[in-house]
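Everything on this sheet refers to the single structure shown next.
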């Protein structure tokens, strides 16, 4: 009966459809008539299959109010960790408050739950560490999790919970629904962690804490428990590899890219010979105080003080008053007080009464404990401070010196 209904009622709609196509593409009626029967048969076949085969019916996407989807990403160096998950609430969809009834229950069960006899992989399975589909974690680069190696890639994230912590499981299967299809043979890594007590967190949340230049701690917070695990990356090699690649492109067209790469080697005390070559390439591109200073510092770390001094002397000739002032302050920070004083004096002689040379002289004398001389230069600095906030800072330093306090 349904097929007959479609045949009896399809022709008017089909004619409308065909006429629309003819009008849209300016096709001649003769051509349309010739192919009408073929086109009609194709449309009828598709329509009949759609209405009669429920497998072809597509379900539309609707919001997941009970456990909304979420994504959180953290950059460590140039690497990233990304977690995709769903966020169930302590309050059940029917409004029941499940506080105190989350862990060790069917909501977030301990250990491995018994397999369903007619559904899933047939294996006992851990908690999905979220809701709905697999919770997944993606490492852009090879990493360490709790000190153990894991390759770059995307993993299904599970937890076999206990009263004191959990086994965190990284599965090579990241495509399944929940943990019903969990297979222990697909485990890439398993680490054991201890949980912590926290204030009530109503909705399950992943976050990153204790972020450093080469690590971050992933935490799952829900109800009154936190499950943390540390992720580390070997950042320096990946950054250097990226810099080498970028310097082969537009990053190598100016002095700044090479100087940035050289400074990275300097700051991280790594690949200093390569850093020196980058500093020299920057100088060839455009010699200035910044890249000459970088080269001098690298030479110092390489144990070449004479070359470093010669390079720094050339840098000073190219420096502006503020650059030279900052260099002097850096020397104070390194407790090289005599060298710092010489730099401030050089700046004062070359750029007399130019901001901030008098501040530098005051800082140099203050570092050496001569507050009377420091006060003299700080009062001079008050006269040529360019902005009100500069004047305010100078006035505050004057008051400290009048009390006999160091301003560094």
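State, to one decimal in nm², a quarter of the convex hull surface area for the C-alpha atoms of the range 236-402, i.e. the direction-averaged projected area.
Details: hull surface 43.1 nm².
Reported value for the Cα convex hull: 10.8 nm².
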Q) What is the calculated FRET efficiency for residue 383 to residue 70, with r their C-beta to C-beta distance and R₀ = 60 Å, to the nearest 0.05? A) 0.55
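In nm, what is the difference between 0.36 nm times the number of residues separating residue 354 and residue 151 and their Cα-Cα distance?
Details: separation 203, 0.36 × 203 = 73.08 nm, distance 5.63 nm.
Full-extension gain reported as 67.4 nm.
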Q | Spin-label pair residue 196/residue 210, simplified geometry with 7 Å Cα→Cβ offset, distance in nm | A | 0.7
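Once you have the Cα-Cα distance between residue 399 and residue 322, take 0.36 nm times their residue separation minus that, and quote the gain in nm to one decimal. Walk me through the numbers before you get to the answer.
On the way: separation 77, 0.36 × 77 = 27.72 nm, distance 2.36 nm.
Gain in length upon complete extension: 25.4 nm.
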Q. Between residue 269 and residue 78, what is the label-to-label distance in nm when each label sits 7 Å out along the Cα-to-Cβ direction?
A. 2.3
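What shape does the range 72-191 take by its C-alpha gyration tensor, where a ≥ b ≥ c are the square roots of the eigenvalues and a/c under 1.5 counts as rounded, a/b above b/c as prolate, and the rest as oblate?
On the way: a/c = 1.86, a/b = 1.41, b/c = 1.32.
Cα axes put the range 72-191 in the prolate bin.
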Q: Please work out whether the range 269-324 counts as rounded, prolate or oblate from its C-alpha gyration tensor, where a ≥ b ≥ c are the square roots of the eigenvalues and a/c under 1.5 means rounded, while otherwise a/b larger than b/c means prolate and anything else oblate?
A: oblate
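Using the Cα gyration tensor of the range 135-218, with a ≥ b ≥ c the square roots of its eigenvalues, what is the shape: rounded (a/c below 1.5), prolate (a/b larger than b/c) or oblate (neither)? Could you put the intermediate results ahead of the total?
Values: a/c = 1.60, a/b = 1.11, b/c = 1.43.
Cα axes put the range 135-218 in the oblate bin.
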(Q) Under a crude label model (7 Å from the Cα following the beta-carbon direction), how far is residue 307 from residue 94 in nanometres? (A) 7.8
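Only the coordinates and a few stated rules stand behind these numbers; no lab work does. Because the structure is predicted, anything quoted here is derived from the model rather than measured. All Cβ positions, even for glycine, are placed from backbone atoms using ideal geometry, and neighbour counts span all protein chains on display.
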